[in-house]
Structure formats: C-alpha cells, structure tokens
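Peer 1: This is the structure I want to talk about, given as structure tokens.
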Amino acid sequence: MKTFRSSWFPVLLGIVIVVLFLNKILFSDTDTEKTLSANDSKKNGWVAPDINLVPFTPEGELIHYGRDLIVNTGKYFGPNGIVAQITNGMNCQNCHVEAGTRTFGNSFAAVASTYPRYRERSGRVESIEFRINDCMQRSLNGKQIDSLSKEMRAMVAFFKWIGKDVPKGVKPAGSGIVEIPYLNRAADPEKGKVVFETICFACHGNNGEGQLYPNSSEYRYPPLWGPKSYNTGAGLYRLSRFAAFVKYNMPFTPIHVEPQLTDEQAWDVAAFVNSQPRDVFHAPNDWPNISAKPPDHPYGPFTDGFSEHQHKYGPFQPIVEVKEKQKRNFFQMQTIFLSAFEKRFLNFYPAKI
Ligand code: HEC
Ligand code: HEC
C-alpha cells in the first residue's frame, strides 16, 4: 500500500506538469492581438503631435524622413523606387490614414507604447522593426528592409515621436483597427459585390485595380485585389480587419466623418474583396500555437472543428462560443487534477516523512 501511495506522487506531479504545459500551448488567450500590458480603459481621444513643430535638427530630420516614407512609400520602395524596388507600390498611409495620425484610421498611436510586445502570430516578442517588416512583406507584398538602414531608423523615429505622449503600456481609444460587432450570419460575397459596384468601384476601379496618378507609378486610389494589392498573409485579408477599417474609413473623405456604411455592408464588401484573386503568402511559421488563431483566420489546422470556409466568412460567433467552451472544460479538468494533486500531496506526503 505504501509503495502504491508513494508512486502516486510522481504520477500526479507528471500529470500536473502535462496539464499546465497543455494549458500553455493550447489555451493561451485566444484574443490574440492583445498587448501584454495594454490599458484599454483610457477613453479620451488621442491627438497626434504636430509635425510642423519638429525642428530640422538631425534628429528631427529623421522623423520628417520617417513620415515621408510612410506617406510616399511607393516613391521610395515601389516598382520605380528611389531607394529599392521591393514593394507593390502602395503607401503605408493607404491603410494607416494621414500617416497613421487619424483616430479610427488604423492609427499608430499605440506603437511606441506597446512594442516590443508578444504576438501570437509569430509566437515571439516583436520589435517595432519586426512589425514594420511584417507590413512590408504582407501588406506591401514586398521584401524586408535592413533593421539598421536609415529608412528603418527613420520610420522607428517617427513612431516613437508620434507616440511620445502616450504612457508605456497604454493603448489610446481609437488606435489601430477599431473592431465592429460580428454579424449573426456568414458575410456574403454576392451582397458585397453590390456594395462594391455601387460605392467602391468609382475610386478603386471596376476590377479593384486602383488608379495611378497620370504619368506616375504612384497610386491615387490603391488597388484592392490582384498582384499589386496586399497578399493573403496581410492583416486586411482577415475579414474582421477589412470590415472594421472600411466601416470607419471608406468611402474615403479628406477629414474624418461619421461612418457611412452599415456593419452589414462592411462585412459583405470585405467578403467580396477578399474572395477575389491576390498573391499567396507562404507563412508556415505563423500561429505556432494553433488554438490562438483568431476566429477569422482563414487557414487551418484549427482546434475547434470548424471549416476553413466558416473561419473565412463566418458566422464567427459559434466559433467564439466553442473556443470559450473548450477553454472552460479544460479549466474544469485542470481544477479537478490540481485538487487531486493537492489532496495527495497534503494528505499522504507528510505522512511518509
Ligand atoms: C494594405 C494595408 C496596409 C498597408 C499598406 C500597411 N499596413 Fe501596417 N497594418 C495593417 C493592418 C491591417 C494592421 C493591423 C492592425 C490591427 O490589427 O489592429 C497593421 C499594423 C501595423 C503596425 C502595428 C500597429 C499596432 O498598433 O500594433 C505597424 C507598426 C505597421 N502596420 C506599420 C506599417 C508600415 C511602416 C507600413 C508601410 C511600410 C504599413 N504598415 C503598411 C495594414 C497595412
Ligand atoms: C472617394 C474615393 C473612394 C471610395 C468611393 C472608396 N475608397 Fe477606399 N480608398 C480611397 C483612398 C484615396 C484610399 C487611400 C487612402 C490614403 O492613402 O490616404 C483608400 C484605401 C482603401 C483601402 C486600404 C488600401 C487598399 O487598397 O487595400 C481599402 C481596403 C479600401 N479603400 C476599401 C474601400 C471599399 C471597400 C470601398 C467601398 C465601400 C471604398 N474603399 C471606397 C478612396 C476611396
């Protein structure tokens, strides 16, 4: 009997270690893009500092250059780029409105305050440089730039300057992509086609190809699909990112106005645009923790049993519910194991000494 009891201790200890390990790899927070220490409670709007107040000292010039790289990225890195020819010709600003200073416009308000940070997509702590190169390779369908290059240092200097008044760890309201509620049905590409053909085509072109300025390789209206657009590894390829960006920013207006699309129009047009052809980005190392994939990540494998189709178009709520249930069940199991371990440990272990 004694040997039986003492053999329990290592077995239970083993189980506890396995449970804690599985817990870590399977059920880390599924709201993946959260920062480690972000404080979302700051409700006041954020106002970007004024670029005209940045002096033309060597340090100031780097900030000005960083801003110019974000506004006119195509000029520097596009097909006729003066620094390198390594992107699809789009500008960072096409998706980070007014150089990332516009609240609700995928702003850069929280970059300096929340990086370096852990991200589930890469499964590592990312620097600002790493995150910029993510958008270079995916959103601009291009190549990385050297993290020590003048261009990289300039963009990082711009981000640090733009976020200089935001305390560390704080994510000002309206920064990044501001989410909109899920629909209770799948987003519908057919309905989205109608939205596209009524509202979007006028600027983005009948085939979503965008429109260059006359005699220029720079876009007046950026492309929405095709080889010159963002690729399948980009943030906008996820329906929730696209729908939320478009809801608050399209049709484009020079100053921020109240949203002009309904949530349904935003989700449906997202489904239509993201069902059109675009370059495929191979990212075998993305989402090392499968269960941390967001509900609208369209590529398997998944731990929730839903199809790639549902992960692409929705409805997303049932996926969220199953993930939450799995998490609850797992925590219950964990509690049972832990209390069994505690009983064995407290009741039997001292008795043996
Ligand atoms: C096709 C659209 C698109 C383009 C072009 C683009 N980005 Fe992004 N970027 C995104 C999306 C979408 C996100 C994710 C936002 C989110 O999920 O909150 C993002 C996120 C970022 C972030 C992280 C922001 C944060 O608060 O976590 C940085 C930094 C960034 N982009 C820099 C750049 C830079 C620099 C360029 C140009 C070299 C660029 N982006 C071009 C779409 C784009
Ligand atoms: C009045 C012209 C106009 C209309 C209409 C318009 N857009 Fe845009 N769109 C723009 C401009 C201009 C930009 C780039 C903004 C910038 O660089 O400051 C843009 C950027 C975008 C982007 C991010 C960059 C990219 O190309 O991926 C998306 C996505 C987008 N628009 C989708 C839409 C959708 C969907 C509609 C219809 C609901 C729409 N737009 C209607 C002018 C327009």
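The values are calculated or read from the model by the stated rules, or taken from the named source; none is laboratory data. Note that the structure is predicted; figures quoted are calculated from it, not measured. When we count neighbours, we look across all protein chains shown, and the Cβ atoms used for this are built from the backbone with ideal geometry, even at glycine.
Peer 1: If THR30 satisfies every condition in (1) part of a helix (DSSP H, G or I); (2) at pLDDT below 95; (3) surrounded by 21 or more Cβ atoms within 10 Å (Cβ to Cβ) but one, which is the exception?
Peer 2: Failed condition: (1).
Yes/no matrix, rows are residues, columns are (1) more than 8 Å from ligand 2 (Cβ to nearest atom); (2) closer than 14 Å to ASN274 by Cα; (3) more than 26 Å from the chain's Cα centre (by Cα):
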{"position": "ASN184", "(1), (2), (3)": "yes, no, no"}
{"position": "PRO189", "(1), (2), (3)": "yes, yes, no"}
{"position": "THR198", "(1), (2), (3)": "yes, no, yes"}
{"position": "ALA202", "(1), (2), (3)": "no, no, yes"}
{"position": "GLY205", "(1), (2), (3)": "yes, no, yes"}
{"position": "TYR213", "(1), (2), (3)": "yes, no, yes"}
{"position": "SER216", "(1), (2), (3)": "yes, no, yes"}
{"position": "ARG220", "(1), (2), (3)": "no, no, no"}
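Peer 1: Listed residues GLY210, GLY226, GLY205; which is farther than 20 Å from ASP188 by Cβ, small (Gly, Ala, Ser) and touching a helix residue (DSSP H, G or I) at 6+ places or on another chain (Cβ under 7 Å)?
Peer 2: Sole residue among the options that is farther than 20 Å from ASP188 by Cβ, small (Gly, Ala, Ser) and touching a helix residue (DSSP H, G or I) at 6+ places or on another chain (Cβ under 7 Å): GLY210.
Peer 1: Which helices (runs of 4 or more DSSP H) does segment 129-241 wholly contain that include 2 or more residues that are crowded, with 20+ Cβ neighbours inside 10 Å and in contact (Cβ under 8 Å) with a residue 40 or more places away in the chain?
Peer 2: 150-162, 189-195
Peer 1: Just to verify a result, which residue in segment 121-135, among those that are on the phi < 0 side of the Ramachandran plot and of a type in the set (Gly, Ala, Ser), is nearest to ligand 2 (Cβ to nearest atom)?
Peer 2: If we take residues in segment 121-135 being on the phi < 0 side of the Ramachandran plot and of a type in the set (Gly, Ala, Ser), then SER122 is nearest to ligand 2 (Cβ to nearest atom).
Peer 1: Hey, another quick one. Looking for something free of Cβ contacts under 8 Å to residues at least 12 places away in the same chain and either of a type outside the set (Val, Ile, Thr) or within 21 Å of LEU236 (Cα to Cα) (or both) - is there at least one such residue anywhere in segment 111-127?
Peer 2: Yes, that holds for at least one residue.
Conditions (1) of a type in the set (D, E, K, R); (2) over 22 Å from the mean Cα position of the chain (by Cα); (3) surrounded by 22 or more Cβ atoms within 10 Å (Cβ to Cβ); (4) more than 15 Å from ARG153 (Cα to Cα), marked per residue:
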{"residue": "ILE51", "(1), (2), (3), (4)": "no, yes, no, yes"}
{"residue": "PRO55", "(1), (2), (3), (4)": "no, yes, no, yes"}
{"residue": "PRO58", "(1), (2), (3), (4)": "no, yes, no, no"}
{"residue": "GLU61", "(1), (2), (3), (4)": "yes, yes, no, no"}
{"residue": "TYR65", "(1), (2), (3), (4)": "no, yes, no, no"}
{"residue": "ASP68", "(1), (2), (3), (4)": "yes, yes, no, no"}
{"residue": "GLY81", "(1), (2), (3), (4)": "no, yes, no, yes"}
{"residue": "GLY89", "(1), (2), (3), (4)": "no, no, yes, yes"}
{"residue": "CYS92", "(1), (2), (3), (4)": "no, no, yes, yes"}
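Peer 1: If you check PHE331, PHE281, PHE306, which single one turns out to be at pLDDT 95 or above, more than 17 Å from the chain's Cα centre (by Cα) and not aliphatic (A, V, I, L, M)?
Peer 2: One residue alone meets the criteria, PHE306.
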